[in-house]
Amino acid sequence: MRNIWLIARREYHHYFISPIAYAVAFAILLILGIIFYANIVGAMLQQIAPGMEIVFGPLVSLLIFTTPAITMRSIAEENKMGTLELLLTAPVRDWEIILGKWLGGFLFLGTVLLATWLYPIVLNQLVSPGIEQGVLVSGYLGIVMMSAAIIAIGVATSSLFGNQIAAFFATEGILLLLWVIGAPSQAMGMMGGSLLRYLDMSEHFYPTFYRGIVEVQDIIYFLSLTFLALFIGKISIEVRRWR
Amino acid sequence: MIHVSNLIKDYGKRRAINNISFDINNGEIVGFLGPNGAGKTTTMRILTTYLPPTDGEVEIGGYNILDNSLEIRRIVGYMPETVPLYSDMTVFEYLMYMAGLRNIKSAETRVTEVLELVSLTSRADGYIGKLSKGMRQRLGLAQALLHKPKVLILDEPTIGLDPAQIIEVRNLIREIGKEHTVLLSTHILPEAQQVCDRILIINKGQIVLDDSTERLQTHLTGANRVMLKIRGHEIEEAASLVATTPGVTFVDIKEDDLLEFECSAAEDARPLVARTVINAGFDLLELKTVSMSLEEIFLELTRDEPLAPEFNETPGLDVEIEGR
Ligand SMILES: Nc1ncnc2c1ncn2[C@@H]1O[C@H](COP(=O)(O)OP(=O)(O)OP(=O)(O)O)[C@@H](O)[C@H]1O
Ligand SMILES: [Mg+2]
């Protein structure tokens, strides 16, 4: 446990001196702000009260497109710099390395998410009865769950690929696939269709968390995705030893 | 302390380590020598559990490398060849991080101690990215010493150090070697001779020499390589004369009045050679044994082709003319 924490802490600190991590955090907050502003102006003109979806909608897309840039370096860089040799010859278990890397990235993204609280606070001031607390909580819960899975997928990919750029595109590919995989479900038969819909990340966010509903099965979905990805990451480190 | 038997390592189809076996006793300092690509780093990486062996058995401190890799990592201190450091950390932070991973009690005291040992105290708060190559090298060593490891494995520890630091690091290694087991690789042969109790020479994945430095030294100064100097320039004539003398195994013309020959250790051919040369009318100016240096032994053992083919056709008797 101590080792996980040590590795996570180092990882977390590293993000704060990494230009890419800053760029990602900045891009998320800036684009979110622009969309937020545009939505507020539009809503004022049309005399309707905007809800939290003007934050959650863009935030989810931003997460999918930008987090791979945060996680791509996590293990690939250590591999390239040779520091992995240090880590793998220290008395640290493989799963501690993966879990530490994941936790560090998760905490960093959590910090960015914390900064996005600015928008609900502003929104709460703007709309007259205030925003729906239920949607706020469930939406953020969903986004945190999804972030856990996205970071896990990113870390696993980073350990599978020795190269950061390759890790970035592979993670992006996996995330986009998971995001749209349910789309052709209509065209398929009952069985295949529902399986694809189950695998789809958006199917576990938009119908539920996004609307203020918390379903156990969605939580289970994101947790399983996280565990599966971390497991693959651990295996990949083990395999690295066996090459 | 270290037991390696029939170790084999393949990288894909290339065999990097081909069936090597050796044992290193507690408290021994062993020098690992060999030309580039011989397999030194590969062997060390296997010993430190970074790489798995393809075949063979490795035990350190009684622990098997495959079954107890975590135990091995606890008792081994390792300084890799390309010293890997986190350039965004300060020297102190980095050592504290490594000390944390090694679960060292009162880490700060120990880190301060180790910094003192490698004379980096003044740079403790500087960023690693700003250190010079030699300082990084020393930091890599500091990291390996943190947990007072029973076994220290150092891959070319003195490369890139200034002369004063080389001496200091060598002294440090010797000091550590009094209680701990040290395996170090080096390309500096006198260093191996100075620092190590024993020398292992590896070539193309195989051990070609495993001997104590002491025995090597006496072997090196053995009486079997002799220099002979005559007046005049008819050295080739003299060479063929020496070559046919019983007991002489090898003749090498060095200059136009100087040659070296080797005789088998069993019979000392020197008196006979001297008589033969003088009887043939040469003026013998000098006859003395020359010691073979570790460099020469090393080159001899790790030579790519045994000898040029035309000299190989007459086994046992080679007259070789070096163009200088
Ligand atoms: N990661 C690797 N993948 C494939 N082949 C490798 C790898 N590492 C080393 N080799 C090969 O294994 C052989 C032994 O290499 P090794 O690095 O152990 O040599 P070395 O004795 O340490 O050499 P040097 O004195 O240059 O450090 C070489 O032929 C090398 O090309
Ligand atoms: Mg090497």
### Message
Under a Cβ-only charge scheme (Lys and Arg +1, Asp and Glu -1), can you give me the dipole magnitude of chain B about the Cα centre, in debye to the nearest 20?
### Response
1620 debye
### 222 nm mean residue ellipticity, helices alone, for chain B (DSSP H n ≥ 4; -39,500 (n - 2.57); rounded to 500)
-10000 deg cm²/dmol
### Query
A:PHE222: net charge of surrounding residues, Cβ under 13 Å, Lys/Arg +1, Asp/Glu -1, itself excluded?
-4
### Query
How many percent of DSSP beta bridges within the stretch B:50-188 run antiparallel, rounded to 5?
25 percent
### Task
Can you tell me the 0 to 90 degree angle between the C-alpha axis of helix A:216-241 and the longest principal axis of chain A, rounded to 10?
20 degrees
### Rough spin-label spacing in nm, given labels placed 7 Å along Cα→Cβ, for B:LYS254 and A:GLU238
6.2 nm
### Query
Where both partners of a DSSP beta bridge lie in chain B, what percent of those bridges are antiparallel, to the nearest 5?
65 percent
### Angle between chain B longest axis and helix B:107-117 axis [Cα atoms, degrees, rounded to 10]
30 degrees
#### Entry: Rounded to the nearest 20 debye, dipole of the protein assembly as shown from Cβ charges on Lys, Arg, Asp, Glu
2540 debye
### Query
Once you list every other residue whose beta carbon is under 15 Å from the beta carbon of A:TYR140, what net charge do they have if Lys and Arg are +1 and Asp and Glu are -1?
-2
### Query
What net charge is computed for the residues neighbouring B:SER212, neighbours being all others with C-beta under 11 Å from the C-beta of B:SER212, Lys and Arg scored +1, Asp and Glu -1?
-3
## Note on the structure
Two pseudo-spin positions, 7 Å from Cα along C-beta at B:ARG275 and at B:ASP10, lie apart in nanometres by 6.0 nm
### Task
Might you work out the accessible area of B:GLU59 for me, using a 1.4 Å probe with all protein chains in place, and round it to the nearest 10 Å²?
60 Å²
### Message
Within 10 Å of each Cβ in B:48-54, how many Cβ atoms from other chains are there, averaged over the peptide?
### Response
4
### Task
Among DSSP beta bridges lying fully in the protein assembly as shown, give the percent that are antiparallel, nearest 5.
65 percent
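The values are calculated or read from the model by the stated rules, or taken from the named source; none is laboratory data. All values reported here derive from a predicted model rather than from experimental measurement. Don't worry about glycine lacking a Cβ; one is built from the backbone with ideal geometry, like all the others, and counts go over all protein chains shown. With ligands, DNA and RNA removed, areas are computed over all heavy atoms of the protein, side chains included. Shrake-Rupley method; radii C 1.70, N 1.55, O 1.52, S 1.80 Å.
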